[in-house]
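Structure, as structure tokens:
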Amino acid sequence: MNDDLREALTAGLGSPVAAARQLAGGASKEAWAISLADGRELLLRRAGGGVMHLDSLSLRQEFDVLVAARAAGVLVPEPIEYLGDLDGRESFVMELVRGEAIGRRIIKAPPPGLDLQMAEQLAAIHAIAPETLPFLASGDLWDRLYAELDSVDEPHPAIEYGLAWCRERLPLERPRVVSHGDFRLGNLMVDDAGIVAVLDWEFTHISDPAEDLAWPLVRAWRFGNDAKRLGGIADVGPFFERYAELTGLRIPPDELLVWEVLGNCKWAIASLTQARRHLRGEERNVELAILGRLAAEMEYELLDLIEKAA
């Protein structure tokens, strides 16, 4: 952490920074573990060099989502203070939670009942009153995805085919809810007892609840353990049954498959847009460049799923 950022953070929090360590991960935001001279341990979330999606929340909005989620009983880090511009980038601080958030480590020994806890947290998220967060995007899903794909400015016929295939099969008629937008292993802090906190709310929006439900089924979020369709940790049945018990909503299996195809389309588009941040000089980063090459894996996966559905 440079001196200017340290001084700005000290002024914003009213206590000198005793130690600061930038955490790994986070494709579009910085995260710093901060120890203050007054004994507080916090996490600084700070804007990076761009955004992953067109409708990504500002950090002011993300902070307000955390406040609403915590009030609704969702396990989230306590939001401490929105700092605004901090040495040139928007920032806020929240409680520093401890545990494991790296998916590849979690799947090696997931805590018992993690799948059911995921269902419970997702049900709580979907119960947040949308009117408490009036700034959340609620536009047409297809318009958003096509606009993001167009921003890549190169042809990807497999993704276009996947979007068209899904659009024919998803009427999107059920009531929409507050959706996390990226609910999966990797965005959950986990310890031996289960979920400590749901993280990374920058993609929160209003959508069909099935969009969130199917997202952790996407192969990329199984972290190599394809034997367990739900995030590499469990079979899908208990997860969906627990969610249905809490919400009364059951999604037909054939529809979930369509949402899984769409999830692969979404992640392929996001990977390409991240790579564009690097190529356009918005944020020169090898990790972002590598993400662009991963899109081919999602293209193959979505075509394979469509073939199986046929």
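The values are calculated or read from the model by the stated rules, or taken from the named source; none is laboratory data. Nothing here was measured: the structure is a model prediction, and the numbers come from that model. Ideal geometry is used to build each Cβ from the backbone, glycine not excepted, and the neighbour counts take in all protein chains shown.
Here are some residues: Leu116, Leu122, Leu83, Leu23. Which one is surrounded by fewer than 19 Cβ atoms within 10 Å (Cβ to Cβ) and in contact with a helix residue (DSSP H, G or I) (Cβ under 7 Å, 6 or more places away or on another chain)?
Numbers: Leu122 fails: surrounded by fewer than 19 Cβ atoms within 10 Å (Cβ to Cβ); Leu83 fails: surrounded by fewer than 19 Cβ atoms within 10 Å (Cβ to Cβ); Leu23 fails: in contact with a helix residue (DSSP H, G or I) (Cβ under 7 Å, 6 or more places away or on another chain).
Only one candidate qualifies: Leu116.
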Tally of residues being closer than 16 Å to Trp215 by Cα and among the polar types (S, T, N, Q) across the range 259-310: 2
The number of residues in the range 260-285 that are more than 16 Å from Ala296 (Cα to Cα) and touching a Phe, Trp or Tyr at 6+ places or on another chain (Cβ under 8 Å) is 0
Consider Ala158 carefully, then state whether it is in a helix (DSSP H, G or I) and touching a residue at least 12 places away in the same chain (Cβ under 8 Å). yes
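Going by the conditions given, is Leu288 buried (at least 19 other Cβ atoms within 10 Å of the Cβ) and within 29 Å of Ala24 (Cα to Cα)? Steps first, answer last, please.
Working: buried (at least 19 other Cβ atoms within 10 Å of the Cβ): yes; within 29 Å of Ala24 (Cα to Cα): yes.
In short, yes.
Yes/no per residue for (1) at pLDDT below 95; (2) farther than 26 Å from Arg229 by Cβ:
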{"residue": "Gly113", "(1), (2)": "no, no"}
{"residue": "Gln117", "(1), (2)": "no, no"}
{"residue": "Glu120", "(1), (2)": "no, no"}
{"residue": "Ala124", "(1), (2)": "no, no"}
{"residue": "Leu136", "(1), (2)": "no, yes"}
{"residue": "Ser151", "(1), (2)": "yes, yes"}
{"residue": "Leu163", "(1), (2)": "no, no"}
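Considering each of Ala234, Ala244 in turn, give the residue that is of a type in the set (A, V, I, L, M, F, W, C), over 20 Å from Ile125 (Cα atoms) and modelled with pLDDT of 95 or more.
Ala234
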